[in-house]
Amino acid sequence: MKTMNTPLTPSVSRRSFILGSGGLALGLSFGLTQTELALAQAPGAGGFAPNSWINIGLDGVVTLMSPASEMGQGTMTAMPMLLAEEMDLDWSQVRVVQSPSDPKRFGNPRFGGGMTTGASRTVQGYYEPLRLAGAQARLVMVNAAAQAMGVPAGELRTEASRVIHSGGRSMSYADIAKVATVPAELPKVDKSMLKPMAQFRLIGKDIPRVDVPSKSSGQALYGIDQRLPGMLWASVLRAPVQGETPESVDDSAARAVAGVKNVVRLPYGVAVVADSFYTAKVARDKLKVVWSQKSKARVQYTDQMRVEYTKRAEDLNDKGVAFIAHGDAAKQLAGATRTFSATYTSEMVSHICLEPMNCTARVDGDKIEVWAPAQSASFVTGTVAGAAGFKPENIKVNITLLGGGFGRRVEADYSADAALVAKAMPGTPIQVIWTREDDIVHDKYRPMTGQHLVAGVDAQGKLVGLLHRVVSEGIYSRVVPPAFKAAGGKDAPVMEGTEITYDIPDHSVQFMIEERGIQAGFWRAVGPGYTKFAIETLIDEVARGVKADPLAYRMDLLKKHPRGQAVLKAVADMSQWGKAKLPKGHALGLAFSDAWNTYCGMVVQVSIANGRPKVHKVWTAVDCGHALQPQNIQAQIEGSVIFGLSAALHEHMDFRAGEPQQTNLNKYQVLRANETPEVMVKVMPTDNHPGGIGEVGLPPLAPAIANAIATLNGKRLRALPFPMV
C-alpha cells in the first residue's frame, strides 16, 4: 500500500482532478507532481477506469476513491479495502484519494444517498455497494483479459492485481489497462457473487491505516491549514445567547485596527475580515453590538430545566409520542408481581474537537468553492445554499481531513460564515476560524435528558414489561424538520438506543420533546450514551432485586440472541466475573449494548477515591460482524471508552438566563491522563453484515461503572455526570 497522498496541500497546482478513460472516473487527487498532473489530465493517459470508484494506472498503481470523511476512525483505509478485496488487488499498489463531493455517485445509502459520515453508518452503509463495485471492476478486467488472451473468461482467476489463466499465462491489471476499453454496459453483479468470509484476503487483516503516516510525521494538513493566494481571515462575533441577532453595530474601533479589510454584518453576527486571524480577532473584540432580546433561551437555567425535565418524565399522564409500542406494557406492569422504577438525568455536553471549527470559501460570480473539515458534504452544500443563496449545482465542496468530529461537524454553521463573508468579498478567498471559546459557547450540545423507566417482573423474577420515557430537546426537529414531521414527531437520534434485543415482548417507549432554544445536536453515541445508561442500570437493579446474578439475568434475557450471549460470556471470561480476587474496595460492574447492530459486553473494575468513581480496568468483547480491521476496531473501542469516561465523570454545560457558564477548558473539565484506565478489547468476528463501531464502546461504560458502585456501597447512580458517591 502506498502512503496516502497528503489530502490537502497549500499549492493550487497540487490539487487537481484525474479524468479516467471514457470519462467514467473523476477523482479528486492531492499531491500530484506537475508531471503527474499533466499526464493525468492528458486525454487517454489517466489509466483505465472500470467504474466510478477505481482508476488503474498504466504503471500498475490503482487509485481508489474513499467517499467518507476521515476524522480518525480509519475510513480512508476501510472503504478502499472493500473495493480491493473484491477486485483482488495487490494492496501494495493501491493509492487512496478522497472522492469528489458527488452524492449521485458516492452517496451513503444509510443516509438516503447523502454524503454524510456519522452515526456509525459508514461501513454499514457502504459495505455492499463498495464490494459490488469491486466485484464489477474485477469482471471488467477478467473479460478484457479473456479477449486479449483469446480464452474463455471462465478459465481465468484473479490474484494480487493479475488475471491468471488455468494454463499458467497471466496479465497484470496494468497490462490490461493498456488494451482494455470500458464496455458499453458494465457487467451486472449481485450479492450472491461476493466472496464468502472464508475467502477474504484483506477484510479482517490488520492493514496499516493510510492516514497515520502523514499524521504521525506532522505532514497531514487539515481544513485550518488551507492556504490560497490572496486569502484573508475572518472572525465572527456572535450573541452571548443563542438565537439573538445584531440590532445595531458600531464597528469604528474595529475598522481602525491596522490590517482590517472589512466588517461584514451577518444575519446572526458580525464578521471582521483582516490579513491575519489574530488581527481579525483583535478587531472583533472592539466591536460594539446591541443584540436583540427575544431568544427563547434567555429564560433557561440548567438547574430549573433539570427539575422540569424530571417532573415531566415522571408524569405518566403526559404520553408524548409513542416511539416504540410492542405489546401492552401498561397492562403487564399493572399485573406485575413487583415493579422497579427509577428516574435518570443527563446533562448537555460539548464536543471539544481538537481542530477548531473553520472553513475556507471563494466566490467567483455565481459559483462558490468551499474547503471544509466537515462530516457531511451534503450538509455543507445545503447550508451554503440556504445561507448564501447559491444554487447547489454552483457549490463545489472539498472535504479535508478533520481534527475531530464526534458529530459536531455534521452541522455546517461554520461554512455559512465563510460563504456569507466570501459572498461579500467576491474573488477573495476567506478563511473563517472559530476560537475555542466560540466553539464551546456556540456548540450544538448533546441534549439534556430526563428519563423515567418502570420495569415489572413476575413471580419468578422474569421481566414482563418495560416502560421507558425520554424528555429531551429535539435534534431532527431542528436539523431536518420535514423528516421529523414525516416521522410523526419521532426524533431518531435522540431516542437511539431505546430499541433492545432483550426478550421483553411488552415494551413501550415514549418521547416528550422540549424546545428551550438551546440547540441540541449530534454527539458521539448521541442517544445510546444516555438511554443505555438508564436501561442497563435498571436491568442491573432488577437482577439484584430478584436475587439474580446480573450476568446470568442478562444471559437469560438474550437467550434468543446467541451473539449477545457470546459477547457477555467472553467479557465475563476476560474479567473473571464472579471469580476474580479484587483488591479491597474494588468491585466489577457489567453492562451490555446492542446499538448500531453491534453487540458489546463490558465489565469495569471500579473503586471510590475522594467520593468519586475511579475506573481501573475496562474489559470489552465486541461482535460487529465482519471485522474489517481488528486493530482499528480495538482502537475505536479504546477511544470511545476514554471519550465516554470523560463525560461520565466530568463534562457538563450549565446555563444561566441562556448564557453558557463554561467558556473554555479551564471551566469545562475533561478526563485527565491520570484518570485513564487500562482497556482490554476482544474483537469477535462473525459472518454477518458489519455493524457500527466508532461509538460502540461508549454506551455500556457509564452503566457498568454505576453498577459497580452499587455493588460497592449500595447506592444507585442515576445522573450523568456522576455525582459524589
Check: When segment 556-595 is examined, which residues are found to be more than 23 Å from residue 527 (Cα to Cα) and under 26 Å from the mean Cα position of the chain (by Cα)?
Finding: 571
Margin query: Taking the criterion of being surrounded by fewer than 20 Cβ atoms within 10 Å (Cβ to Cβ), under 27 Å from residue 174 (Cα atoms) and either over 26 Å from the mean Cα position of the chain (by Cα) or not polar (S, T, N, Q) (or both), would at least one residue in segment 121-128 satisfy it?
Written below: yes
Check: Quick one: in segment 170-193, which of the residues that are surrounded by 13 or more Cβ atoms within 10 Å (Cβ to Cβ) and in a loop (DSSP other than H, G, I, E, B) is farthest from the chain's Cα centre (by Cα)?
Finding: 180
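Every residue, every condition in (1) without any contact (Cβ under 8 Å) to a residue 60 or more places away in the chain; (2) of a type outside the set (S, T, N, Q); (3) more than 13 Å from residue 48 (Cβ to Cβ), yes or no:
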{"site": "124", "(1), (2), (3)": "no, no, yes"}
{"site": "137", "(1), (2), (3)": "no, yes, no"}
{"site": "148", "(1), (2), (3)": "yes, yes, no"}
{"site": "154", "(1), (2), (3)": "yes, yes, yes"}
{"site": "157", "(1), (2), (3)": "yes, yes, yes"}
{"site": "167", "(1), (2), (3)": "yes, yes, yes"}
{"site": "174", "(1), (2), (3)": "no, yes, no"}
{"site": "179", "(1), (2), (3)": "yes, yes, no"}
Checklist line | Qualifying position, being farther than 30 Å from residue 506 by Cα, in contact (Cβ under 8 Å) with a residue 60 or more places away in the chain and of a type in the set (S, T, N, Q), among 295, 252, 276 | finding: 295
Next item on the list: Return yes when residue 446 is among the basic types (Lys, Arg), within 29 Å of residue 590 (Cα to Cα) and touching a Leu at 6+ places or on another chain (Cβ under 9 Å) and no when it is not.
Entry: no
Margin query: Among the residues of segment 204-237, what is the count of those that are open to solvent by 50 Å² or more (accessible area, probe 1.4 Å) and part of a loop (DSSP other than H, G, I, E, B)?
Written below: 8
Item checked: In segment 194-203, the residues that are of a type outside the set (A, V, I, L, M), assigned to a loop (DSSP other than H, G, I, E, B) and either closer than 17 Å to residue 688 by Cβ or open to solvent by less than 30 Å² (accessible area, probe 1.4 Å) (or both) -> 195, 196, 200
Check: Just one of 283, 297, 313 is under 18 Å from residue 512 (Cα atoms) and either in contact with a Pro (Cβ under 6 Å, 6 or more places away or on another chain) or open to solvent by less than 90 Å² (accessible area, probe 1.4 Å) (or both); which is it?
Finding: 313
Next item on the list: Return yes when residue 719 is over 24 Å from the mean Cα position of the chain (by Cα), surrounded by 21 or more Cβ atoms within 10 Å (Cβ to Cβ) and within 20 Å of residue 529 (Cβ to Cβ) and no when it is not.
Entry: no
Next item on the list: Among what's in segment 465-493 and is aliphatic (A, V, I, L, M) and buried (at least 19 other Cβ atoms within 10 Å of the Cβ), pick the residue that is modelled with the lowest pLDDT.
Entry: 479
Next item on the list: Only residues in segment 656-668 that are over 17 Å from residue 303 (Cβ atoms) count as the first member; pair them with residues that are hydroxyl-bearing (Ser, Thr, Tyr) and open to solvent by 40 Å² or more (accessible area, probe 1.4 Å), Cβ under 9 angstrom, at least 6 apart or cross-chain, and list the lot.
Entry: none
Notebook entry, point to check: For segment 75-113, which residues satisfy the criterion of being open to solvent by 10 Å² or more (accessible area, probe 1.4 Å), within 24 Å of residue 696 (Cβ to Cβ) and either in contact with a strand residue (DSSP E or B) (Cβ under 7 Å, 6 or more places away or on another chain) or without any contact (Cβ under 8 Å) to a residue 12 or more places away in the chain (or both)?
Noted result: 112
Notebook entry, point to check: Taking segment 696-716, which residues are open to solvent by 20 Å² or more (accessible area, probe 1.4 Å), touching a residue at least 24 places away in the same chain (Cβ under 8 Å) and either under 20 Å from residue 454 (Cα atoms) or out of contact with any strand residue (DSSP E or B) (no Cβ under 6 Å at 6 or more places or on another chain) (or both)?
Noted result: 713, 716
Notebook entry, point to check: Restricting the first residue to segment 506-526 and requiring it to be open to solvent by 20 Å² or more (accessible area, probe 1.4 Å), which pairs with a second residue that is at pLDDT below 95 and of a type in the set (A, V, I, L, M, F, W, C) meet a Cβ separation below 8 Å and a spacing of at least six or different chains?
Noted result: 522/119
Checklist line | Residue, surrounded by the most Cβ atoms within 10 Å (Cβ to Cβ), within segment 575-630, restricted to residues that are free of Cβ contacts under 8 Å to residues at least 60 places away in the same chain and hydrophobic (A, V, I, L, M, F, W, C) | finding: 577
Checklist line | Residue match in segment 140-152 (condition: surrounded by fewer than 20 Cβ atoms within 10 Å (Cβ to Cβ), touching a helix residue (DSSP H, G or I) at 6+ places or on another chain (Cβ under 8 Å) and under 30 Å from residue 401 (Cβ atoms)) | finding: no
Next item on the list: Give the residue that is nearest to the chain's Cα centre (by Cα), with candidates limited to residues of segment 238-250 that are of a type in the set (D, E, K, R) and not in a loop (DSSP other than H, G, I, E, B).
Entry: 238
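The values are calculated or read from the model by the stated rules, or taken from the named source; none is laboratory data. Worth saying up front: this structure is predicted, and the values here are computed from it rather than measured. Quick reminder, even Gly has a Cβ in these numbers, built from the backbone with ideal geometry, and neighbours come from all protein chains shown. Note: accessible area is taken over every heavy atom of the protein model, side chains too, but ligands, DNA and RNA are not part of it. Shrake-Rupley method; radii C 1.70, N 1.55, O 1.52, S 1.80 Å.
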